[in-house]
Structure formats: C-alpha cells, structure tokens
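So the structure is just underneath, and the comments pick up after that.
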Amino acid sequence: MSAILSAQDLNDFIGPGLACINPVVVNKSETNGPTEIQIDASGNPVEVSFDGTSSSNTKTATQLTPAQINLSDCLACSGCITSAESVLVSLQSHTELLSVLRQSRGHIDTEDVSDIDTKRQKRIFVASISHQSRASLAAAYNISVDSVDAKLMTLFRDILGFQYLVGTGLGRQISLAYSAQEVLLKSAKFADIDTQSAGRETPVLASICPGWICYVEKTHPHVLPYLSAIKSPQQITGSLLKRLISEETGAPADEIYHVSVMPCFDKKLEASRPDFATGEGVRDVDCVITTKEVVQLLIDENIDFMTITESEDAHGEIFHAMAPKLWPTEKSWESSEGSSSGGYLWHVLAALGDEITKTEGKSASLKVIPGKNSDMVEYNLVVATDGNHEQVVAKAAQVYGFRNIQNLVRKLKTGGKTGARPVVASRTKKSAGGATATLMPTEYDYVEVMACPGGCINGGGQIGAPPTDAGDVIGLKEWRDIVENKYKSMRSSSVERQAVQEWVATVWGSDIDSLVTTSYRAVEGLDTKDAVPAVLVGDKW
C-alpha cells in the first residue's frame, strides 16, 4: 500500500481473496534433489539445486530474477480497488512526473536532436484538474476554490513549466450528454429514437468509477451487459487534449505529456487500460496523480502552496491562454448539477423528464427516497395523474460503497430480468411519504455506482482532515461535509446536450464513438495449475 494512503483512509472495502491475487508460478526443477533459496556474496537471491542422483551431491546455483509488478498484473477486484493498486504503478506517480519534467528541462536547450531519446524529452506538458481535487485542496488550505485554481495556474505554468492547463468540466459535459442519450436509447418507451434499442439491458450502470469496473470485470461478468459504454471525463478530456494540441502545434501525440489530477488512485488503473491508447501505444493520459500526491509534490519541491502567487484575472485571459484554442474554457472549469461524483444520475433523470414533457406534455417532479444508509438512495421521477395519485415514469438509484455494491450485483444476478422495463410504469401509487428505498435494480433505468462511500468527493486520493488548532481531529463525516460544501461553491452550468454534441462533431468529426464510448470484458482467471496463491507466500495485507 502506498505510503500516501493509510489504512485509516478506508472504511468500506472488500478484503482480498485468493481470486484477486495473481498466483506465483512455480517452475518445476529438473533436478531430483532438494532446492533452497540462498543469498550469495553480492546479496542477490539464488536458487541452489542439489542433484540427488550424483554421488558427489553436486549443487547448482541459479540467480533469481527479481519479481516485478506492473499495472497489467493488478487484479484489483477484492479490496485493492480502493487503495492498494497504487503500489503497482511504476509510471503513475508524482515522483515519475518530477523525473520526466527534470529530464525535459535538461534537454530543452540541446541543439543536437538527432538522438531519439533527446527528441522524446522535448515534450509539451498539459494538465487537467478534476473538480473534486480542487474542492479537496480548497478545504485543506481553507481557501476558496477560485484561489485554488489561481494558485494551480501559477504552480503548473510558472513553477513546473506546463504549457496547458484545463479543468475536466468539458470532458464531464460530454460524458453527461452522451450518458443521457444512452439511457434514452435503452429505455423501451423511447425505442422509436433508435429502432435497435428495444430489448437492451436496463438498468444502465454508471461506468466512470474504475474500481467498480475492475470489480465487475474480474468477479461479476453477469453485470457487464448493464455497464454504460460512455467514457469517463478523464479519458474524454485526454483524447480531446491530445488531438487539439497536436493539430494546434503540429507536434505528434507522443510528444504531448498529459497529467491528470484526480481524487482516486484507481484513475491510474483506468488511464493504463489498453483500450485508452492508440496502436502506437500513445495513451490519452500519461500520468495520473491524486490530490494527496499534489501535496506530496509540493513538500518534495519545498513549495508552500499558501505563498504561491495567485494568477490575476482568475478564469479570464490567462486561463484561456493555457487552453487549446478551440477549448471552451468556461465549461472547462464549471461544475454541473447533481452529486459531487459528477451528477450523472441527476442529469439522466433530467433528460428523461424533458423527454416525457416533450412527448406527453406532462411536467415531471423528483421524489427522493432514502435507503437504510446515506449511500443508498432511490429517486423516482413522477407525474401527477387524476385524483391524488402519482405515476412513476422513471426510477434511478445512487449506490455507493461496496457494502451496497455487493447487494446490487447479487440482486442483478438473481433478479430474473428478461427484458427492458418501460420507463412509464403501468402502476400508480400515492406519495412515498416515509417510505424507505429497497434496492431493486431491475426496476431502475439508471444507477450511479461509486466504489467509495460518499462517492468521488471522498476518494482514497483526497486529502484527509487536518488537526484543529486545539489538536483535535475533525471527524470523517464532518470533513466530508466541508469538502462537499467547497465543491458546491463552484460555479455550475446546465448541460445542453444538443450544443455539446454539435461541438464534438465539429472538433472530432464523424467518428464520435472513438471519443465517447468504450467496452468492458470479463477478465478470465489464471490457470492456477502449478501455481501458489500469492497470499500464501508471505504477502501481508
């Protein structure tokens, strides 16, 4: 586990099991005698084999290859998903970022660029900052989000030497717009929008949380048909930045180094998926650092965040200058309505409500039904009928944390769902009153699923509560509320789906699917023949 992330930061995770850990493959020795591991005079581990058939009992020493773990080895599906994969990332850290920056500075004045390695160091550095990370920094330093943005501009532009800096708001708006369209297409009531839509699997389950995706791919393949195909804001932002900057500067995409600042360690895992790279191995996101790692970077570089000069005219000319020319800067830094995990559920229900109004002339309202805990909430979109009744026209749910997620996947497996449920329910009911939500996924049109309790604002990469002046520690819930309030203080704007889609078509072209959609697949377990589970050979968790 990363030193940056402590066990105290985790309050809802699944303990690792044998299925989640790559087994250690044991190569059978060709000798008949015993073998043992020894340390040679140079301090290297060697395997010593004794030939039991020889009268002289000959022994052979073979140097062992050091064990290496990289991101592709991560089976982050049973506990690792909210924390421990950070130790598996060799090229996704603030130290690696600093190393790449130093190498680039060292070659920036080199006249001889015939060397390939030298060419690769002449990079264009671009960063994208998540809304949740900005809120976490604002809470940690007790300043406004605008002040955080202005200081980040100075930090990345003037101190670290980045040429571009944007917020992830544009990528989020695109993700939200196409997520809503996806749900509309999969809802049987609106099948006429797409003749292929009837019979598609519902509910649509949000797929922007990489920890949740790992969990499904590696342990619950029956859930795969329900996953949204829309990419996360991080990946959409990365694709757009690489293309627009490449077109603007003439630099090839592999010379553009994109750093994403995120609230979650699992975003490193997402950025490393092979699906999010071109055939030449150019990734949309080259390096992900968490909010905590930004603080650690400041410490390592002896930078006091509070004394960093705030760029003047915040979100004005400087912010426009630090974005690609075709980039709508205002949308980039603005938030959106709904939850602090991106507002996906809110936006999907708003889109469904708009469609009901357009097709039936009825105004829909939202009923919130709390569950047994704050991380399980049901939302009903209802329209008034004759008398004192309400008709449920759409249902959605917020499911955060693995206690609730386990219940969700279990019910999806045993729900006996055979087809899509119409958006407009055939039954009517009175106001829910004091009703408590019961998790019934086959009745939902959409579920906003997040691995962390409290959602993205409480991600494992966020900054923890600082001690008070009296030396007391702020409670986890109280601290989460403070960060949430900082998040809500951001300027927000509505998502105009048609305008967003027109902009995407203008800058990306006709192949829009390559920008906004992806796919997920079951990860088959390894053949454990001749293998020993790693937890049995000394790993401590």
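When residues in the range 382-402 are screened for being touching a helix residue (DSSP H, G or I) at 6+ places or on another chain (Cβ under 9 Å), farther than 19 Å from Cys452 by Cα and not aliphatic (A, V, I, L, M), 1 of them pass.
For Arg283, the criteria (1) touching a helix residue (DSSP H, G or I) at 6+ places or on another chain (Cβ under 7 Å); (2) charged (D, E, K, R); (3) touching a residue at least 60 places away in the same chain (Cβ under 8 Å) hold in every case but one, which is (3).
On inspection, Lys325 qualifies as modelled with pLDDT of 90 or more and outside any helix (DSSP H, G or I).
Hey, does the range 130-138 have a residue that's at negative phi, modelled with pLDDT under 95 and of a type outside the set (Asp, Glu)? Taking every residue of the range 130-138 in turn, none turns out to be at negative phi, modelled with pLDDT under 95 and of a type outside the set (Asp, Glu). Residues in the range 328-350 that are surrounded by 22 or more Cβ atoms within 10 Å (Cβ to Cβ) and farther than 19 Å from Val145 by Cβ were compared, and the one that is farthest from the chain's Cα centre (by Cα) is Leu349.
Contact map, the range 210-225: first residue under 21 Å from Ser272 (Cβ atoms), second residue charged (D, E, K, R) and assigned to a helix (DSSP H, G or I), Cβ cut-off under 6 Å, separation 6 or more or different chains; pairs are Pro210/Asp266; Pro210/Glu270; Gly211/Asp266. Any residue at all in the range 285-308 that's basic (Lys, Arg), in a strand (DSSP E or B) and modelled with pLDDT of 90 or more? No: zero hits.
Yes/no per residue for (1) of a type in the set (D, E, K, R); (2) out of contact with any strand residue (DSSP E or B) (no Cβ under 6 Å at 6 or more places or on another chain); (3) assigned to a helix (DSSP H, G or I):
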{"position": "Tyr215", "(1), (2), (3)": "no, yes, yes"}
{"position": "His222", "(1), (2), (3)": "no, yes, yes"}
{"position": "Gln234", "(1), (2), (3)": "no, no, yes"}
{"position": "Ser246", "(1), (2), (3)": "no, yes, yes"}
{"position": "Asp254", "(1), (2), (3)": "yes, yes, yes"}
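Looking only at the range 492-541, residues that are assigned to a helix (DSSP H, G or I) and at pLDDT 90 or above come to 16 in all. So, Asp354, is that one more than 18 Å from Ala139 (Cα to Cα) and acidic (Asp, Glu) or not? Here the answer is yes, as Asp354 does meet what is asked.
Scanning the range 251-277 for residues that are of a type in the set (Asp, Glu) and either closer than 21 Å to Gly342 by Cα or in contact with a Gly (Cβ under 9 Å, 6 or more places away or on another chain) (or both), we see that the one that is surrounded by the most Cβ atoms within 10 Å (Cβ to Cβ) is Asp266. Selection over the range 395-423 of residues that are more than 27 Å from the chain's Cα centre (by Cα) and either at pLDDT 90 or above or part of a helix (DSSP H, G or I) (or both) gives a count of 1.
Determine whether Glu280 is among the acidic types (Asp, Glu) and either modelled with pLDDT of 95 or more or under 17 Å from Trp212 (Cα atoms) (or both). Criteria not met by Glu280. Residues in the range 125-140 that are under 25 Å from Arg102 (Cα atoms) and of a type in the set (Ser, Thr, Tyr) were compared, and the one that is surrounded by the most Cβ atoms within 10 Å (Cβ to Cβ) is Ser133. Between Asp275, Asp300, Asp286, Asp266, the distinction of being in contact with a Pro (Cβ under 8 Å, 6 or more places away or on another chain), at negative phi and of a type in the set (Asp, Glu) belongs to Asp266 only.
The values are calculated or read from the model by the stated rules, or taken from the named source; none is laboratory data. All of these numbers come straight from a predicted model, not from anything done at the bench. Every residue, glycine among them, receives a Cβ derived from its backbone with ideal geometry; neighbour counts consider all protein chains shown.
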